[in-house]
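The values are calculated or read from the model by the stated rules, or taken from the named source; none is laboratory data. In this text, all values refer to a predicted model and were calculated from it rather than measured experimentally. Backbone-built Cβ (ideal geometry, glycine too); neighbour counts: all protein chains shown.
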Amino acid sequence: MTESQLSEKLGLTKAAVGYHLHLLMDAGLIRIEKVEAEEHGILQKYYSPIAALLIIDPDHMPKDIQRYFIRTQLEHLRGVFSVFQLYHCASKVSSKTMEKLALAMLKLLKAVGQKHTEEEAPEDTETLRVNIYAEALANLTKQKEWRTLFQKSIKEN
């Protein structure tokens, strides 16, 4: 996508998008995929991620950013609870416990993702994302603290 396309899609100014694209380029997370000249001679740069899937390491991010990722992960976990018809049980778990669960899941996503780094990425990156998430979730449910929580939720259901 171009800076203009990103700006429109995200509802941000081109200046804000340009600033963040610059930061992402400096961090080596995106690259310029192609450059095309428009009819007025303006060059449009098309940006793309450097990897099929980027997994964030929760241990190496500022705490305020970590809180954002934990909240995002909580939404994913609520979806998992819903799929297994355990959503009503999630409301019985304290928010502190749910945050610990989300952080544990983020750490497992990192570990599982690292395991898959040497593999050839499938054409469909969504398949890779689902496989990594499923493996991390399976590992999470094997950990004693979380296995007990899930088993308790299943029994209550």
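For the range 3-24, filtering for residues that are exposed (fewer than 15 other Cβ atoms within 10 Å of the Cβ) and β-branched (Val, Ile, Thr) leaves 1.
When Tyr47, Tyr87 are checked against the criterion of being at pLDDT below 85, closer than 27 Å to Ile132 by Cα and not hydrophobic (A, V, I, L, M, F, W, C), Tyr87 stands alone in meeting it.
When Asp124 is tested against (1) surrounded by 13 or more Cβ atoms within 10 Å (Cβ to Cβ); (2) over 25 Å from Ile65 (Cβ atoms), only condition (1) is not met.
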